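Contents: one structure, followed by commentary.
Here, each number is a calculation from the coordinates, and none is a lab measurement. Note that the structure is predicted; figures quoted are calculated from it, not measured. Every residue, glycine among them, receives a Cβ derived from its backbone with ideal geometry; neighbour counts consider all protein chains shown.
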Amino acid sequence: ILLEGAIAADDLVRLNGRIDAWEERAAADFRAKAAGDNAEVRYDDIVNQEPSLVELAANPALISYLREMIERPRLKSTWIAFKWRGGETRLHSNHTPSITHNFYHFNGQIRHNLLNVMYAMRDIEPGGGGLKVIPGTHKANYPRPAGDSAEDLLVELSMRAGDALLFSHDMAHCSLNESDAVRRTVMYTYCPGVIANS
């Protein structure tokens with residue numbers, strides 16, 4: 001689900017002002033990487049390091065979706081990521097299809113045990129590292145053959161600054177920045193309150 005304009009324009013400017021300092025730090029960490037390393041810098045547990053990002057965890061634009069898709073939703077993890085040209089996240093999914101309770105239908109509702117929310121803090125144009133997904137794979141009950149890159153099945157999702165993308169972590173997904181723009185995103189993951197794996 002793409003929620004356009006999930007962050008108000010003035011809030012986006014304010015938050016990006018705070019994130020500028022993180023990108024400066026990330027650029028220094030990126031320059032220190034060895035040749036051939038992934039061109040991405042990520043800082044985990046960001047809401048405990050950058051208080052301005054706490055508010056997005058309970059963004060009013062998201063609350064009704066979280067309640068609909070997760071039983072007693074709980075914030076599980078957060079991070080901020082910067083991807084330069086060549087920065088990638090390889091194709092993966094959460095647990096599907098090996099653990100059947102990760103995605104389920106109960107009493108007429110579809111529920112998730114790990115729901116990701118990705119905020120684009122800058123526009124993400126085609127080729128700019130937008131999330132690539134294989135639609136429907138969160139419902140799969142068979143494994144993808146080993147070595148199958150599934151390139152022909154991937155759909156790339158562009159976003160505008162301030163948009164939020166909600167997706168099940170059980171859906172196969174990846175990203176690759178092939179542009180000269182630095183992809184700047186903030187991630188929040190949610191799970192049912194009864195799960196305490198982090």
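Tell me, what is the percent relative contact order of the chain, built from C-alpha pairs under 8 Å that lie six or more residues apart?
For the chain, the relative contact order is 33 percent.
I need two numbers for the chain: Rg to one decimal and Dmax as a whole number, Cα atoms only, in Å.
Every Cα atom of the chain included, Rg and Dmax give 16.8, 52 Å.
Compute the Rg to Rh ratio over segment 1-48 from the alpha carbon atoms, using the Kirkwood formula for Rh, and round to two decimal places.
Looking at segment 1-48, the ratio lands at 1.09.
Would you calculate the separation in nanometres between label points at residue 110 and residue 64, each defined as 7 Å from the Cα along the Cα-to-beta-carbon direction?
It works out to 1.8 nm between the two label points.
Enumerate lysine pairs in the chain that are 8 or more residues apart or on different chains, then count those whose Cα atoms are under 25 Å apart.
4
In whole angstrom, how far apart do the alpha carbon centroids of segment 114-189 and segment 1-71 sit?
Value for the Cα centre distance between the two parts: 15 Å.
Using 7 Å Cα-to-Cβ label points, what is the residue 44/residue 125 separation (nm, one decimal)?
About 3.4 nm separates the two model spin labels.
So what are segment 18-88's ellipsoid semi-axes, whole angstrom, largest first, if each one is the square root of 5 times an eigenvalue of the alpha-carbon gyration tensor?
Semi-axes, largest first: 30, 14, 10 Å.
Go ahead and estimate [θ] at 222 nm for the chain from helices alone: -39,500 (n - 2.57) per DSSP H run with n ≥ 4, summed, over the residue count, rounded to 500.
-6000 deg cm²/dmol
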